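Colleague: Provided herewith is a single structure, encoded as structure tokens, for subsequent inquiry.
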Amino acid sequence: MTAGTFTWGHVMARRSRKFSLVLATTAMTLGLSAAPAHAAPPANDTKTDAEEISALPFNDSVDTSQATTDADDTALNDQCGAPATNASVWYSYTAPAGVDGVVVDVSASSYSAGVIIAAPDGLGGHGVIACGPGGSGAAVLEGVTYLILAFSDSPGVTGGLLVLHAEASVMPEVSLVVNPRGKVDRYGNALISGTYTCSGGDFLDLFTSLRQPVGRFAVQGDGYAFGACDAATYSWSAVVVPYNGKFAGGRAATFTFAFSCGSVFCADAYVERTVRLSR
């Protein structure tokens, strides 16, 4: 996710919780009641009191019904565009070696919550690098301290039970093999195949393009395949449908691209090779 104005999208389901005030009375002979007792704001209610996330994964549950919002919230949200930053709480995270990114999830909270992740801007302030409803994620650099703001994104809703989960995100890895031989069916379509290995992503998408010269002309077409990204090695195959003729037996050039994305990062692999088509 990138910095800049974030379109908050469709409104998530809103739920509010009511918290009663407990009244303590003095002795009947005084005929007086004590002042209502209010819950205190969370310890990390302000930027200067941000709670340090010392290690990932990290989990926190906090009553934000008395949390506040202030100018620091507004300054960050000017770069994000959430509908509101009510009942906000702050966290800080300094990235160690070996962590490529961080993902923060607040979707299990009792109210519609959002997240802003900000990095030092070099001018004494912070700039938003990612934000979103329900959670967000961003790439991080070793030794840099990031601020994380979690808040109610519904105007008029001032908190409840915030449930926050943060975890490290890694760069996906993709490797790709294209088999040296392919097949042609009676309709002139080509079947191209191979294997791939993918880890650290949520899916794998593959695109292969085939070009077969015929004199001064070239028959061309595209094919697609999809798969899992769970660190296992899989076979793939794609039917390449020509759009300007028919493929035939003989040599052809393939250009195959596979990519995968995780919660923060994407990675890809690319292979060019000559294949021999047969029936």
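Colleague: Compute the projected area of the convex hull of the Cα atoms of the chain, averaged over all viewing directions, and report it in nm² to one decimal place. Spell out each step's value before the answer.
Modeller: On the way: hull surface 85.3 nm².
Result: a mean projected hull area of 21.3 nm².
Colleague: Moving to a separate point now. When the accessible area of the chain is computed with all protein chains present and a 1.4 Å probe, what percentage of it is carbon and sulfur? Present the calculation step by step, with values, prior to reporting the outcome.
Modeller: Values: 8050 of 14420 Å².
C and S fraction of accessible area: 56 percent.
Colleague: Follow-up question, since we're still on this one. Could you rank the peptides 116-123, 49-56, 148-155 by their average count of other C-beta atoms within 10 Å per residue, with the highest value first?
Modeller: 148-155, 116-123, 49-56
Colleague: Could you give the nm distance between label points at residue 195 and residue 266, where each point is 7 Å from its Cα heading toward the beta carbon?
Modeller: According to this spin-label approximation, the distance is 2.7 nm.
Colleague: Mind giving me the FRET efficiency for residue 52 and residue 161? R0 is 22 Å, r the Cβ-Cβ distance, nearest 0.05 is fine.
Modeller: Values: r = 22 Å, r/R0 = 0.98.
The computed FRET efficiency comes out at 0.55.
Colleague: Quick one, what does Rg over Rh come out to for the range 105-250 if you take C-alpha atoms and the Kirkwood Rh? Don't jump to the answer; show the numbers that get you there.
Modeller: On the way: Rg = 24.1 Å, Rh = 19.6 Å.
Value, to two decimals: 1.23.
Colleague: Given the convex hull of the Cα atoms of the range 72-191, what is a quarter of its surface area in nm²?
Modeller: Working: hull surface 50.3 nm².
Averaging across all directions leaves 12.6 nm² for the Cα convex hull.
Colleague: Give the Rg/Rh ratio for the range 183-279, taking Rg as the radius of gyration of the Cα atoms and Rh as the Kirkwood radius, to two decimals.
Modeller: On the way: Rg = 14.6 Å, Rh = 14.0 Å.
My calculation puts Rg/Rh at 1.04.
Colleague: I would also like to ask the following. Once the convex hull of the alpha carbons of the range 46-134 is built, what does its volume come to per residue, in cubic angstrom? Don't jump to the answer; show the numbers that get you there.
Modeller: Values: hull volume 9.9 nm³, N = 89.
Given the Cα convex hull of the range 46-134, per-residue volume reads 111 Å³.
Colleague: So how far apart, in nm, are the two label points at residue 202 and residue 232 if each is 7 Å from Cα heading toward Cβ?
Modeller: Calculated label separation equals 2.1 nm.
Colleague: Moving on to the next point. Round to the nearest 0.05 the FRET efficiency obtained for residue 186 and residue 273 when R0 = 30 Å and r is the Cβ-Cβ distance.
Modeller: Working: r = 25 Å, r/R0 = 0.84.
Once the sixth-power term is evaluated, E becomes 0.75.
Colleague: Quote the convex hull volume per residue of the range 99-155, based on C-alpha atoms, as a whole number of Å³.
Modeller: Numbers: hull volume 4.4 nm³, N = 57.
For the range 99-155, the hull spanned by Cα atoms encloses 77 Å³ per residue.
Colleague: Out of the range 106-178, which GluC sites (Glu not before Pro) are coil in DSSP terms and have no more than 16 other C-beta atoms within 10 Å? Working shown, then result.
Modeller: Numbers: sites: 142, 167, 173; in loops: 142.
Filter output for the range 106-178: 142.
Colleague: How far apart, in nanometres, would the label points at residue 246 and residue 211 be if each is projected 7 angstrom from Cα along the Cα-to-Cβ direction?
Modeller: According to this spin-label approximation, the distance is 2.4 nm.
Colleague: Extension gain residue 94-residue 59, at 0.36 nm per residue separation less the Cα-Cα distance, in nm?
Modeller: Numbers: separation 35, 0.36 × 35 = 12.60 nm, distance 1.61 nm.
Fully extending the segment from residue 94 to residue 59 adds 11.0 nm.
Colleague: Extension gain residue 145-residue 123, at 0.36 nm per residue separation less the Cα-Cα distance, in nm? Could the numbers behind the result be given before it?
Modeller: Details: separation 22, 0.36 × 22 = 7.92 nm, distance 1.44 nm.
Extending this stretch completely gives an extra 6.5 nm.
Colleague: So which trypsin sites (Lys or Arg not before Pro) in the range 149-219 end up in coil per DSSP with only 10 or fewer other C-beta atoms within 10 Å? Intermediate results must be reported in sequence, preceding the final value.
Modeller: On the way: sites: 181, 183, 186, 211, 216; in loops: 186, 216.
Loop-located and lightly packed - 186, 216.
Colleague: Another question, if that's okay. Rounded to the nearest 0.05, what FRET efficiency do residue 70 and residue 108 give with R0 = 22 Å and r taken as the Cβ-Cβ distance? Could you check? Don't skip to the answer; put the middle values down first.
Modeller: Values: r = 26 Å, r/R0 = 1.16.
So the FRET efficiency works out to roughly 0.30.
Colleague: While we're here: Which value, in Å², gives the accessible area per residue of the range 95-215 when a 1.4 Å probe is used on the protein heavy atoms?
Modeller: Numbers: 4640 Å² over 121 residues.
Ligands and nucleic acids excluded, the result is 38 Å² per residue.
The values are calculated or read from the model by the stated rules, or taken from the named source; none is laboratory data. Given the structure is predicted, the values throughout are model-derived calculations rather than measurements. When we count neighbours, we look across all protein chains shown, and the Cβ atoms used for this are built from the backbone with ideal geometry, even at glycine. For accessibility, only protein heavy atoms count, side chains too; no ligands or nucleic acids. Shrake-Rupley method; radii C 1.70, N 1.55, O 1.52, S 1.80 Å.
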